[in-house]
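In what follows, a single structure is set out as structure tokens and then discussed.
Please treat every number below as a calculation from the coordinates, not as lab data. Please read all numbers here as calculations on a predicted model, not as lab measurements. Glycine also receives a Cβ, built like all others from the backbone with ideal geometry; neighbour counts cover every protein chain displayed.
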Amino acid sequence: MDRKEIITLHDVSFSYGNVPVLQDVDFSIFERDFLGIIGPNGGGKTTLLKLILGLVTPDRGEITIFGAPPKAGRKFIGYVPQLFNFDFNFPISVLEVVSMGRLRVRKIGRRFTKEDREISLEALRQVGMEAHQNALIGNLSGGQRQRVFIARALATQPRCLLLDEPVASIDKKWQSEFYELLNELNSELTIVLVTHDVSVVVTYIDQIACLNGKVHYHGSTKEGIHKVSELYQCPVQLIAHEVPHRLLGDHVHD
Ligand code: ADP
């Protein structure tokens, strides 16, 4: 079955001033992919996200998001930001956080409608947080907050979810649940997760792209694991016995 390309980067290069950050990046993300973009700190991951979201423009090359330039195509992308910088003392409820996702799609100045509320509640249902809709975001655990921010992105009714360093702010116990949730969402959505935390990603995600100035590898995690080790200059192993079968299928566990 032919899969549709939804995000394409064609020979993309980008520099901050005269410091090159990305060179000749040439790769595609396909509909319903579940892709981990990994690479060391400073490897250009955040810059790649900014390029995809149209926040910076390439010096060279072309980027297409759902057939459109990034600024027009980004409405199809639900973005889940890093949570380190969010002020969790701010007295805002879970439902209010998720409703912020509707701000992007409704006209400026219009009040939230019943439909906005329904969509926000449905997003909370998808991440299993509906019962917490009135809780203050600051009173939730790290894993629960993460779900709420995924719900906020889902409330924009995206076709692709883009998550920036999501695992850094959650504890080990929640990690496998978190990947299971992403796996469920992946039945309808493309999922792209960006992180420097390679150990977790190679355990749970079957497809990776390694980025360090350029794309060093893009393909199956199992086949590329030695490349990942080279990139990080240390051995990285698949922790096969911890991998839920439904995430990675039969080819990985021993
Ligand atoms: P990563 O997300 O993989 O850690 P970044 O995309 O944030 O990497 O950064 C890639 C390189 O670009 C780094 O060397 C970083 O110092 C540099 N850089 C990032 N943002 C800026 C900026 N706004 N101005 C100048 N240099 C930057």
Relative to the longest principal axis of the chain, what angle (0 to 90°, nearest 10) does the C-alpha long axis of helix 221-232 take? 80 degrees
From phi via Karplus (6.51, -1.76, 1.60), per-residue ³J(HN,Hα) for the stretch 147-164 in Hz, x at Gly/Pro: 4, 5, 6, 5, 4, 4, 5, 5, 5, 7, 6, x, 9, 9, 9, 10, 10, 9
3J(HN,Hα) from dihedral phi, the stretch 200-208, Karplus parametrisation 6.51/-1.76/1.60, rounded to Hz, x for glycine, proline: 6, 5, 5, 6, 10, 10, 8, 9, 10
Dividing the mean separation of Cα pairs under 8 Å (6+ apart) by the residue count of the stretch 1-120 yields a relative contact order in percent of 22 percent
Across the stretch 47-61, in residue order, what do the Karplus-derived ³J(HN,Hα) couplings come to in whole Hz, using 6.51 cos²θ - 1.76 cosθ + 1.60 with θ = phi - 60° and x for Gly and Pro? 4, 4, 4, 4, 5, 5, 7, x, 7, 9, 10, x, 6, 8, x
The base-10 log of I(q)/I(0) that the Debye equation returns for the chain at q = 0.12 Å⁻¹, one scatterer per C-alpha, is -0.72
Arranged by the count of other C-beta atoms within 10 angstrom, fewest first, what order do Tyr179, Tyr79 take? Tyr79, Tyr179
Percent antiparallel among DSSP beta bridges confined to the chain, rounded to 5, stands at 55 percent
Taking amide H positions as placed in the peptide plane 1.01 Å from N, state which residues far from Leu161 in sequence (5 or more) or on other chains have amide H under 5 Å from it. Gly78, Thr190, Ile191, Val192
Dividing the mean separation of Cα pairs under 8 Å (6+ apart) by the residue count of the chain yields a relative contact order in percent of 24 percent
Enumerate the lysines that Lys214 could reach by cross-link, defined here as Cα to Cα under 17 Å, with residues fewer than 8 away along the same chain left out. Lys45, Lys50, Lys227
